[in-house]
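Engineer: Questions regarding the structure given below will be posed in turn.
The values are calculated or read from the model by the stated rules, or taken from the named source; none is laboratory data. Bear in mind the structure is a predicted one, so any value in this text is a computation, not a measurement. Cβ coordinates were reconstructed from backbone atoms using ideal geometry, including for glycine residues, and neighbour counts include every protein chain displayed.
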Amino acid sequence: MRRTITLFILLGSVGLLRAQQPDSTVADPIPTDLLEDFLQNSGAESGDFDLNGQFDLLAAFQKRPLNINRCDEADLRELGLLNDIQINNLMQYRNVAGPFLALYELQVIPGFDLPLIRRILPYLSTGGDLDDFQASLLEMISDGRNEVQLRWSRVLEEQAGYAQPESAQSYLGDPNQLFLRWRHTYYNRLSLGITAEKDRGEAFFKGNNSKGFDFYSAHFFLNNYRKKLKSLALGDFNASFGQGLILFSGFSTGKSAYSTLVKRNARNLRPYASANEANYLRGAGITYALNSNLDLTAFVSSRLRDGNLTGLDTLDEEVANFSSFIDAGFHRTAREIEDKNSVRQNLGGLSLQYQNGGYRLGLNNVYHRFDKALTLTPQPYNRFFFQGQSLFNSSLDYSARWGNVNAFGETAWSDNGAVATINGLLMTLDRRVDAALVYRHYPRNYQALGASAFGETDGGRNEEGLYMGLELRPRTGWTVNAYYDVWRHPWLRFQADAPSRGTEWRLRLTYEKRRRMRAFVELRQENKEENSFENATAYNFLTPTRLLQLRTYVSNQVSKALELRTRADWGYWDDGVGPQEFGFAVVQDVIVHPIGFPLSFSTRFALFDTDSYNVRFYYYENDLLNTFSIPPYYNRGSRFYFNLRYRPVSALTIEARFAQTFWSNQTEIGTGLEAINGQVRTQVSAQVKYVF
């Protein structure tokens with residue numbers, strides 16, 4: 001009776017939630033902050049994120065929402081919009097109170113505030129999910145959703161690689177970038193498709209690419225097809241085990257403003273439909289239910305990868321080894337073409353997963369084999385890196401739920417005897433307080449070629465650290481996120497010629513007022529030891545560096561058709577040797593989406609002024625559909641872009657984009673063959689997407 005009365009009270013707040021129902025799509029269902037933080041932590045110039053599959057999956061759930069009364073934890077993780085604490089609290093509430101009577105009951109679950117509920121409501125229901133029917137493979141193929149996507153892009157200014165086409169060092173193709181994808185999906189049950197891409201500077205229907213595009217990818221993927229066959233992957237796919245200590249492919253989050261989002265949760269097998277030419281497997285994989293509690297996942301992959309070839313076999317004069325993989329995927333010059341598909345990588349994996357209620361235990365194995373030996377150029381920092389032709393890894397991962405506490409972790413072994421481990425706790429300390437605690441120990445000699453575990457550096461090696469995260473919701477609409485991370489590297493690293501250590505902390509205060517306004521202020525500081533190059537000695541020594549950044553953001557939904565977003569960043573970097581470096585950036589976005597009108601647009605104007613690349617700011621940009629642009633803003637200048645989207649009918653979307661960056665303190669942009677003689681870099685893009 002009490003629950004029924006509570007439900008009526010919650011239904012009285014339906015007006016607070018009704019405004020969230022979208023006409024077609026929900027804006028920014030995946031926090032773009034995660035992508036910015038990923039690049040900030042990695043120090044990369046750009047990222048090629050495999051998020052197309054996640055957006056396609058959300059579109060499928062929007063058409064046939066997930067039944068929260070019948071789904072399991074894996075289904076909620078696949079949704080990608082809830083962290084493990086929220087999933088844990090939802091499952092705990094359902095176990096105690098029974099099935100949900102209505103979606104508005106989510107408000108009584110700790111960790112589910114109104115902004116989160118508005119974001120996830122389009123994808124959830126209390127009945128009628130995919131388990132209510134069993135379609136045959138023929139029905140899935142004949143009744144599914146087809147999508148054709150064609151994209152074109154180029155830089156308007158002439159770059160050095162195109163200036164002298166007859167030169168052996170120049171690009172062999174034109175400056176146009178082309179992307180083509182056809183994909184057929186049946187909700188989240190079936191996915192099959194073909195992806196093709198030509199990068200700027202690559203030949204097209206000539207030279208080394210006489211068959212057209214430089215990169216082709218195809219996949220066939222079944223998900224939850226009957227009770228026994230949970231997954232079947234043919235062609236190109238992704239595979240992930242545990243917390244990423246032996247294998248994790250696809251995008252994974254690290255330290256971010258979402259301070260309790262620290263646990264890896266990807267399914268063992270997933271379809272691959274991206275144009276990233278490095279981060280995928282090619283072969284076959286299957287997840288099969290041996291019984292109601294035990295699943296078996298097995299896969300094999302054999303594919304060619306780009307590599308730096310370095311030696312000759314004295315007997316047959318063939319290349320005998322390589323020094324590194326090349327993951328950029330560019331094949332524009334004769335040298336890049338020579339390295340294309342030069343190394344064959346064979347990969348096999350086997351995993352047994354046992355689950356019973358809130359307890360899960362997994363035993364994972366991965367084996368790598370190359371047709372050439374990996375022989376690194378000797379450097380002190382890479383002394384313990386893997387070298388050779390084969391590598392075997394095993395791991396044991398676990399997850400256990402007791403009330404409002406979720407413990408998780410993975411312990412892994414490499415065939416040189418090294419053992420690495422990561423263990424964590426996710427806790428709901430109070431209805432308004434969540435906490436995360438993660439300890440990691442990755443020895444300097446641990447070797448795993450597919451690792452992508454939580455930490456300060458990538459690769460799951462040479463690091464020991466402790467992370468503490470906290471999320472508080474003191475009042476409706478207010479959220480406080482904070483974390484503190486301390487770590488040490490027991491051996492040398494690139495640009496750190498001695499064992500080193502570091503700390504990082506972040507504090508963010510966020511306020512959301514229904515769907516009309518979102519604002520936050522954030523302060524972040526990172527201290528770590530790196531080489532000091534400006535000294536009078538003949539060798540490098542470590543010096544403590546400090547990066548401090550202040551970020552403010554306001555998003556205002558002026559009307560249903562107009563949204564304004566304003567952001568300002570300030571920061572400084574100091575190594576204790578040279579002068580302090582400062583920088584700031586100010587960004588204004590305007591997003592116009594007229595109701596009932598087929599034309600919409602978004603635009604940005606930004607000003608930035610930083611002393612160097614050390615004080616850079618990453619900004620997510622609205623781009624063409626299923627395209628992600630996150631350039632770093634540094635040096636002195638301005639940036640402008642304008643996106644135009646025309647949707648005459650629901651099945652057809654036509655888009656165009658103009659983006660230009662002006663640097664006032666330099667006369668040449670870029671280096672090498674990408675160099676532009678001038679102060680402006682302009683990129684234009686267009687895309688057609690048809691769904692039938």
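Engineer: Restricting attention to strands (runs of 3 or more DSSP E) lying wholly within region 580-686, give those where 1 or more residues are in contact with a Pro (Cβ under 9 Å, 6 or more places away or on another chain).
Structural biologist: Values: elements: 581-592, 599-610, 636-649, 652-663.
Ranges flagged: 599-610, 636-649, 652-663.
Engineer: Please tell me if Glu202 is surrounded by 15 or more Cβ atoms within 10 Å (Cβ to Cβ) and either within 30 Å of Trp478 (Cβ to Cβ) or under 25 Å from the mean Cα position of the chain (by Cα) (or both). Outline the logic, then answer.
Structural biologist: Numbers: surrounded by 15 or more Cβ atoms within 10 Å (Cβ to Cβ): yes; either within 30 Å of Trp478 (Cβ to Cβ) or under 25 Å from the mean Cα position of the chain (by Cα) (or both): no.
Against the criterion (surrounded by 15 or more Cβ atoms within 10 Å (Cβ to Cβ) and either within 30 Å of Trp478 (Cβ to Cβ) or under 25 Å from the mean Cα position of the chain (by Cα) (or both)), Glu202 does not qualify.
Engineer: List the pairs whose first member sits in region 87-101 and is part of a loop (DSSP other than H, G, I, E, B), whose second member is at pLDDT 85 or above and buried (at least 21 other Cβ atoms within 10 Å of the Cβ), and whose Cβ atoms are under 9 Å apart, counting only residues at least 6 apart or on separate chains?
Structural biologist: Pro99/Ile68; Phe100/Ile68; Phe100/Leu106
Engineer: Also, I was wondering about something else. Scan region 592-631 residue by residue and report those that are under 14 Å from Glu36 (Cα atoms) and hydroxyl-bearing (Ser, Thr, Tyr). Give the derivation first.
Structural biologist: Initial filter on region 592-631 (under 14 Å from Glu36 (Cα atoms)): 616-622, 628-631.
Within region 592-631, Tyr618, Tyr619, Tyr620, Ser629 meet the criteria.
Engineer: May I ask you to say which residue of Asn540, Asn556 is touching a Leu at 6+ places or on another chain (Cβ under 7 Å), surrounded by fewer than 18 Cβ atoms within 10 Å (Cβ to Cβ) and polar (S, T, N, Q)? Before you say what the answer is, go through the steps one by one.
Structural biologist: On the way: Asn540 fails: touching a Leu at 6+ places or on another chain (Cβ under 7 Å).
Exactly one residue qualifies, and that residue is Asn556.
Engineer: Specify which of the listed residues (Ser612, Ser650, Ser664, Ser602) is within 25 Å of the chain's Cα centre (by Cα) and in contact (Cβ under 8 Å) with a residue 24 or more places away in the chain.
Structural biologist: When all the criteria are applied, what remains is Ser602.
Engineer: Let me ask something else. Does region 530-541 include one or more residues that are at pLDDT below 95, within 30 Å of the chain's Cα centre (by Cα) and assigned to a strand (DSSP E or B)?
Structural biologist: Keep residues of region 530-541 that are at pLDDT below 95, which gives 530-541.
Checking the rest, the ones that are also within 30 Å of the chain's Cα centre (by Cα) come to 530-531.
From what is left, the residues that are assigned to a strand (DSSP E or B) are 530-531.
Looking through region 530-541, at least one residue is at pLDDT below 95, within 30 Å of the chain's Cα centre (by Cα) and assigned to a strand (DSSP E or B).
So that you can scan it fast, the table gives a plain yes or no per residue for (1) of a type in the set (D, E, K, R); (2) surrounded by fewer than 20 Cβ atoms within 10 Å (Cβ to Cβ); (3) out of contact with any strand residue (DSSP E or B) (no Cβ under 6 Å at 6 or more places or on another chain):
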residue: Ala257; (1), (2), (3): no, no, no
residue: Thr260; (1), (2), (3): no, no, no
residue: Lys263; (1), (2), (3): yes, no, no
residue: Asn268; (1), (2), (3): no, no, no
residue: Ala273; (1), (2), (3): no, no, no
residue: Glu277; (1), (2), (3): yes, no, no
residue: Leu281; (1), (2), (3): no, no, no
residue: Ala289; (1), (2), (3): no, yes, no
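Here is a yes/no grid of residues against (1) under 27 Å from Thr185 (Cα atoms); (2) out of contact with any Gly (no Cβ under 9 Å at 6 or more places or on another chain); (3) exposed (fewer than 15 other Cβ atoms within 10 Å of the Cβ):
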| position | (1), (2), (3) |
| --- | --- |
| Asp611 | no, no, no |
| Phe642 | no, yes, no |
| Ala659 | no, yes, no |
| Gly672 | no, no, yes |
| Val684 | no, yes, yes |
